1. Can you name the residue in segment B:70-92 that is within 30 Å of residue A:2 (Cα to Cα) and not in a strand (DSSP E or B) and is also nearest to the other protein chains (Cβ to nearest Cβ) among such residues?
2. Looking at segment B:100-129, which of the residues that are part of a helix (DSSP H, G or I) and more than 18 Å from residue A:105 (Cα to Cα) is farthest from the other protein chains (Cβ to nearest Cβ)?
3. Let me confirm something: among B:67, B:53, which residue is within 14 Å of another protein chain (Cβ to nearest Cβ), in a helix (DSSP H, G or I) and touching a strand residue (DSSP E or B) at 6+ places or on another chain (Cβ under 7 Å)?
4. Being in a loop (DSSP other than H, G, I, E, B), away from chain A (no Cβ under 12 Å) and loosely packed, with under 15 Cβ neighbours inside 10 Å is the filter here; which residues of segment B:1-26 pass it?
5. Residues in segment A:257-278: is at least one in contact with a strand residue (DSSP E or B) (Cβ under 7 Å, 6 or more places away or on another chain), free of Cβ contacts under 8 Å to residues at least 24 places away in the same chain, over 26 Å from residue A:139 (Cβ atoms) and surrounded by 14 or more Cβ atoms within 10 Å (Cβ to Cβ)?
6. If the Cβ limit is 7 Å and pairs must be 6+ apart or interchain, which residue in segment A:179-195 that is closer than 19 Å to residue A:50 by Cβ pairs with which residue that is part of a helix (DSSP H, G or I)?
7. Would you confirm, using the coordinates I've provided, whether residue A:83 is farther than 22 Å from residue B:121 by Cα and away from chain B (no Cβ under 13 Å)?
8. For segment A:207-233, enumerate the residues that are in a loop (DSSP other than H, G, I, E, B) and within 24 Å of residue A:98 (Cα to Cα).
């Protein structure tokens, strides 16, 4: 790990001003950043420690029925908050399907948004990686790439965003609150992460020194609570990143879908909301044919970036499974294996 | 600023001067305080061998910067037993043969104590396995570990009930 200067601000304003110095990085839990520093992928000259900032660790019910989640709220605390998980069960399920009990006790909401790709070439400083070292090339192209992106990738980068949490959040219209040198602003989560294009090193819309202070979910997101699920296929049962995942949320009225939300994880450099598929579901009966059509639409633009053509069909199936589970209703208690496609499913093995 | 932290480690408050901001809680415990129960397996949060409790919550000590934890209460495997009396999780690990080489065991036990405190898994073996998935055991003692955690959950609940009565 490189040497760094350590700064401990006491307010958000002090943090933003400290981080305006080039070479600075914010430190929250550090579950991703310290790991990357140990392997030389991240080499900040200054760490601005957010762990002593007051006021960023609350889960607040908003007067309009929405919720604000402070950026320093820990994953485990959000997932176990009774009010939150009752109103946003797919978000809780996604959180509980991610990482391990230890990491969920540490990792924060803000850090989750900003976690870096798990592309092995990004993590190996001996490999070419345009995201880590702009202009150096991409060893994932033509390398081991069965887990890489099938949507929104570019010749410069085929990495995926690893977050589970962001998938239901983007489906439910979350908004990111940001503090920065130019004052506060907010950005829909759908617009927060950037696709790689020719500049994969630009991963989000954050300008230097800007700090995520909170996330908001709108009141209407809670309207899906009765029919909201997250499904995540992993290469082992637990404690692994998604090969492919999907968040599905439905509002069903009189046997018809009145509103639908669908987003995919593990397929692109950002959590991938499938709005055209959502639109196709509205007015349909919540049945296999409608879910099949929605899944086709959601993956219509997908194309393999290497040995990963299988992920396109897999993503269709996981999307269908998530929609089917959502239609069946949010369970009273999450299954023992949250988000697992191996959790018991009524009516057969395959969605 | 001065690089010092005050930590309560295994019930004893200590002020610790650091000469380098890069020190993790794991390196602080092992290299500077001679508390070598928490193990450095992967040093990347993937194996769980370094699991300790910070303010009652299980965490990976290898990914926790010491300077970020001023004022925290740390509990390691060395502080778990009360004198000669083993903690119920320790006793259950012995009763169920929940280890072979023992390298992962301090992390397994601290993770189990944290899991039981979280109260979500109860005595359901599948929820225990899921809750313990952040702790790897290369000897493959998982069956004994699951049985030990389930039994410790039961005995600790019974003890709590007796105390309440």
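1. For segment B:70-92, the residue satisfying everything is B:70.
2. Step by step, filter segment B:100-129, then rank; the result is B:105.
3. The unique qualifying residue is B:67.
4. Result: B:11, single match.
5. The answer is yes; a qualifying residue exists.
6. If the second residue must be part of a helix (DSSP H, G or I), the pairs left are A:179/A:12; A:179/A:16; A:180/A:16; A:181/A:16; A:192/A:113.
7. no
8. A:218
The values are calculated or read from the model by the stated rules, or taken from the named source; none is laboratory data. All values derive from a computational prediction rather than experimental measurement. When we count neighbours, we look across all protein chains shown, and the Cβ atoms used for this are built from the backbone with ideal geometry, even at glycine.
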